[in-house]
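The values are calculated or read from the model by the stated rules, or taken from the named source; none is laboratory data. All figures in this text were calculated on a predicted structure; none of them were measured in a lab. All Cβ positions, glycine included, derive from the backbone under ideal geometry; neighbour counts span all protein chains shown. Just the protein is used for accessible areas: all its heavy atoms, side chains included, with ligands, DNA and RNA removed. Shrake-Rupley method; radii C 1.70, N 1.55, O 1.52, S 1.80 Å.
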Amino acid sequence: MNDSTAIAPMPGSSKLAILAYLGISALVYVLMMVLGLLMRMGQANWLGLPADLFYQIMTAHGAGMVGISGLAGSAVMWYFLRRYVDLTVGILWANLAFFLSGVVLILGGIFLGGYAGGWTFLFPLPSHGMGLWGPVGAACFLGGLLLIGVGFLLLYLDVARAIISKYGSLARGLGWPQLFGNSDETPPPAAVVAATMVLLVNITGIVAGAVVLVLILVNLFMPEFEVDALLTKNLIYFFGHVFINATIYQAVIAVYEILPEYTKRPWKVNKVFLGAWTASTIMVMAVYPHHLLMDFVMPTWALVLGQIMSYTGGFPILVVTAFGALTIVHRSGIQWDMPSGLLFLSMFGWAVGVVPAVIDGTIAVNNVMHNTMWVPGHFHMYLIVGLVAMLFGFKYYITGQDGKPGMFDKLAFWIYSLGGVGLSVTFLISGYFSVPRRWAQHMPEWVGLSQPAALMGAAVALGAAIFAIRFLTSLKHARAV
Amino acid sequence: MIQDTVLVVTLVLMGAIVAAFLFVAINAKNDGGEYAPIQGRAYAIRSKLFWVLVVAGVLITTVTTLDLPYAATRGEMAGVDKQIDINGKQWYWEIADTSAKVGETVVFNVSAGDVTHGLGVYDQDMRIIGQTQAMPGYANSLKLTFDKPGNYKLMCMEYCGVAHHAMVSDFTVTE
Amino acid sequence: MTLRAVIIMALGMVVAITATPLGHWLESTMVSHVLVELPLLVVAGIIFALPLKPVSQPLLNWVNRGGICGLITASFLLAFWMLPRWLDTSLGDPWVASAKYGSMVLTGMILALSWPSAHVITRAVVKIEFLTMFFRLGWLYLISPERLCNNYLLTDQIWLGRGFLLVGLALTITWAYPILFGNAVLEQQLTERKLSID
Amino acid sequence: MQYWVSAATSFLSLCVGVVALAWGTDGGQAWTAESARRLAVLEQPVVLPWVTLLNQQGKQQQLTDPLASQSASGLTLMEFIYTRCPTVCLAMGAEFRSLQAELYSGLPSERHSELPSGLYFRGGEVKLLSVSFDPEDSIEDLKHYLTRFSANPSIWSAAKFARQSDLEMIKQQLGLIVIPEPSVGYIHNSAVYVIYDGRVVAILDHDDRKGIRDVISQYLPGTAGSG
């Protein structure tokens, strides 16, 4: 690899790659937030957004956010995991290459091919563009997703290889001998446990996604192969749910690694911690039927299981990770700066977002809340205030911007966090008023809800833009990888 | 209305989490010295919290799964006054009958002709009283009892293409 | 058993399949055609390649580094004969049938000459793509509204679909188990060939 | 250097593979042998060989000329059956019966505009022919087959091969597959063969009514209404 372009003073292809991941993600986040803002402004009647463009933007916003979260989360995981295992830098670059080619295809499919079938490509919508898009546009979109999947597959396989060659097996990576047996060996560090969980669920998810994407592609060009809509939906939600969940599970490694540095208190990997991550591994894969609670034809047991998993899935987050963060910070004499502040905020965002999520996962509630604004309400809470805060916290950390934050940083922190909470709460309140999600045009009585939401969205985008600029202008101070 | 309960419970629980984080954030800067005692107290609280959540979870799960909206789809039509077939298409609803009487228990047999849609039934205050997915190849049966007369709306809840938001039909409940 | 004996047995198997009623019998149902006959030919090819390995290694290092070229070629050969059109045609046309037999043996040989030099990530990708393809094909065969091969009944096709899914499942378990719970061979492989991509 | 050679060979094998798959599916158009032979016929019509058939009256006739009355510019829809067939041939027969009703409206051509959509053709210019490939089918069996579907003898005839060797030739030339199967009789590929001017110009699904109409209006533009 050619290192001459690496950023001084610490050359290294891996550092350059991690910074490329983070830089690209910072820009894409801001861009996607602007797209989100445009949608909210459209719904607020402040912007004349034609419906086709709205839905194209919606598709780009969804696919873009999920994809870039996966990319940025994997950078965090990679950065810390490399402290413990031997990862391959070439694979990191390869993933980025696959990702960017996938993005080109997806954007082409959406804005040239007119594809506006939503990032969830709910079958058989991709083949029913009704003139707005044709099979080629849809195929570009789906092909782009496939390419991105291949890249991530390579990355997770390399992570698996590295973990297995050091610890022997993935079960050991999850600390099973310590959890279930009487092993006295030191359990693997938190980063390894989390990475093992993530690679397990994501490889499984990518395989499911790769099967269903190809089947939908076949159907696009050979409609006589009629794919079962319910089975497809199961696979899509399995894949989609696992992937978006895993973004947070890999980014949280930053919290495990950085908060102890600040508080001089270790984040102990004990049985409770290991048990929580093993439970998460299973629950993240088994919880997806909570997306299908309104598919009455699904087997009742699967749906009840979806409700139960959705409730218990909150345990490891609330009782172990968020509680652990609180414990480690409480009366620690921590110095509040951008990394510690954003990471602490992120734990709050994740924990608080679990509440509306779990409540919506109750069948009786889902019956009036499913596909209302309540749903984006909960996940915007733990993506904006949780995941993205986590990622920007890490970006401040890696560019050495700890210590006393500047005025702009502080301002951005408060604009971003209050805007994020406010935006999510307006989503939730809209859900309370039964406003459906994914509507280009809102009924007059709902417009009043979208207007404050648009303002909050603008605040979030502004805050994130300041974070991004601060990151990109501090790259030269970046830590060694 | 169930939405009110949901909102109150959500706000209370979110409030509790806000309080916990604020409490820790405010106390964070004071150095409490040794970590072990702090950790010990925290673990004690955590195990209590765990058991509270477990017990609450068992109770809530039991109560909320006693009455599931799936019976009609499984063919239980006892006490049903009327069945109405609804077929979702890009972008309109084919509805066999657009009216019912107050007090009637209606089962909507919902399917789709092209792509997946979602049938949401909105009351005159524009609040959802029930919904189900409309999928090609499947029929979901949504059972509802209309207590109040008025103009209800049937709206699409699952994104189905560029005129998704225009997929609204009227449904009248008379005395 | 000596290598020579194994090769003679493999040769016998190829002859039996291509020149005796055994082949016809295996081809009488779609499941045995695709999931027994073709894999047997591939296995024969793998055996035939065993003595070639030391001889061809210098050339392979040159044109087939990391086994990539070979694995791509083998994938396309397999994909080609998974096209219902050519599987179907091979039953009536002796030329096409010979091409099928030949390319399956060739696939085995290419695999045997590529796999040992393939990087562990390459192997994992190939394995995952392979089992994913079984799930896709199984699903497609189960939902196909019409006969894909004129020579086989619709029910035959459905059995093959189920067969694909079963094989996919079996492969998943076989390959996932050591990764999840560990085995010595795997660990050794992984530590020996740590990296070489960048 | 070694690295680049291998990269080049890998890329080359990728290209060759893609080309091979494209060739093997006629550019993604023909994934099955059935679709391949249909595509081939569309591109290059097959000239029918001189084959003698025995029709339901026991009379000899040529494959290309099922009804003596037929004019040279006429069109024949042919399908291959066997009369004991419990499954697909029944469906094919039923389809031919309804096609016959459509073809034989009994109206003169100047009144075609009065016909409801779907009833396009005047009888006499399009003929139907069911050919049995089963050597066990007798003249009587053919007669029964036609009676079962209320065939109009001026439109629809049934026939068998006068010499079994002709069947082999037809199988070769048209890609007709007939495999004896103890439990069901035969496995065969069901299709409608459109014969025009002694050549097979299209092969279609037996229930592809729209496709059949389109071909007819393509070859006999004067007789068919607009679809």
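Quick notes on this structure:
- Overall form of the protein assembly as shown per C-alpha gyration tensor (a/c, 1.5; a/b vs b/c): oblate
- Rel. contact order, % - alpha carbon contacts under 8 angstrom, at least six apart, chain A: 18 percent
- Solvent-accessible area buried by B and A, counting both chains, probe 1.4 angstrom, square angstrom: 7200 Å²
- Rg/Rg_ref, the range B:2-65, where Rg_ref = 2.2 N^0.38 Å and atoms are Cα: 1.50
- The D-C contact accounts for roughly 2300 square angstrom of buried accessible surface, both chains included, probe 1.4 angstrom.
- The portion of the accessible surface of the protein assembly as shown made up by carbon and sulfur, rounded to a whole percent, is 66 (1.4 Å probe; DNA, RNA and ligands excluded).
- When the square roots of the Cα gyration tensor eigenvalues are ordered a ≥ b ≥ c, the ratio a/c for the range B:72-174 is 1.5 or more and a/b does not exceed b/c, which makes its shape oblate.
- Nearest-ten-degree value, helix C:94-114 long axis tilted from longest Cα axis of chain C: 20 degrees
- Span from the the range A:98-144 Cα centroid across to the the range C:1-39 one, whole angstrom: 45 Å
- Environment charge at A:THR186 (Cβ cut-off 14 Å; Lys +1, Arg +1, Asp -1, Glu -1): +2
- Of the cross-linked pairs A:LYS476/C:LYS127; A:LYS271/A:LYS410; D:LYS171/D:LYS210, those separated by over 30 Å at the C-alpha level are A:LYS476/C:LYS127; A:LYS271/A:LYS410.
- Spatial separation of Cα centroids for the range B:32-75 and the range B:16-31, in angstrom: 22 Å
- In the assembled protein chains, C:TRP62 presents an accessible area of approximately 110 Å² (probe radius 1.4 Å).
- Helix B:35-65 and the long axis of chain B differ in direction by around 20°, with both axes built from C-alpha atoms.
- Length released on extending from B:ASP31 to B:TRP51, taking residue separation times 0.36 nm less the Cα-Cα span: 4.2 nm
- Relative contact order for chain C, counting Cα pairs under 8 Å that sit 6 or more residues apart, in percent: 23 percent
- Percent antiparallel among DSSP beta bridges (both partners in the protein assembly as shown, rounded to 5): 70 percent
- Most positive-pole-ward Cα, C:VAL63, A:TRP439, D:MET92, against dipole of the protein assembly as shown from beta carbon charges: C:VAL63
- The range B:71-110 shape via C-alpha gyration tensor axes, a/c threshold 1.5: oblate
- Unmatched cysteines, the protein assembly as shown - criterion: no other Cβ of a Cys under 4.7 angstrom: A:CYS140, B:CYS156, B:CYS160, C:CYS69, C:CYS149, D:CYS15
- Dipole magnitude of chain A, debye to nearest 20 (Cβ charges: Lys/Arg +1, Asp/Glu -1, about Cα centre): 1120 debye
- Approximate spin-label separation A:LYS268-D:LEU42, in nm, with each point projected 7 Å along Cα-to-Cβ: 7.3 nm
- For C:TRP62 and D:ASP26, a Förster radius of 51 Å and the Cβ-Cβ distance give a FRET efficiency of 0.90, rounded to the nearest 0.05.
- Listed pairs B:LYS89/B:LYS153; D:LYS59/D:LYS160; B:LYS101/B:LYS153; A:LYS166/A:LYS395; A:LYS15/A:LYS268; B:LYS82/B:LYS148 exceeding 19 Å between Cα atoms: A:LYS166/A:LYS395; A:LYS15/A:LYS268
- Along principal axes, Cα extents of chain B, largest first, whole Å: 72, 39, 33
- Computed 3J(HN,Hα) for the range C:151-164, one whole-Hz value per residue from the Karplus formula 6.51 cos²θ - 1.76 cosθ + 1.60 where θ = phi - 60°, is 8, 10, 7, 4, 5, 4, 5, 5, 4, 5, x, 5, x, 4, glycine and proline marked x.
- Partner chain coverage, peptide A:122-133 - average Cβ within 10 angstrom: 5
- Using only Cα coordinates, the Kirkwood hydrodynamic radius of the range C:3-192 works out to 17.9 Å.
- Mean residue ellipticity at 222 nm, helices only, chain A: -23000 deg cm²/dmol; runs of at least 4 DSSP H residues each add -39,500 (n - 2.57), and the sum is divided by the number of residues.
- Within-15-Å neighbourhood charge of A:GLU445 [Cβ basis; K, R +1; D, E -1]: 0
- Note on C:65-75: average number of Cβ atoms from other chains within 10 Å of each residue's Cβ is 5.
- Label-point separation in nm, C:ALA19 to C:LEU50, each point 7 Å along Cα→Cβ: 2.2 nm
- Cβ charges +1 (Lys, Arg) and -1 (Asp, Glu), total dipole of the protein assembly as shown, debye: 3220 debye
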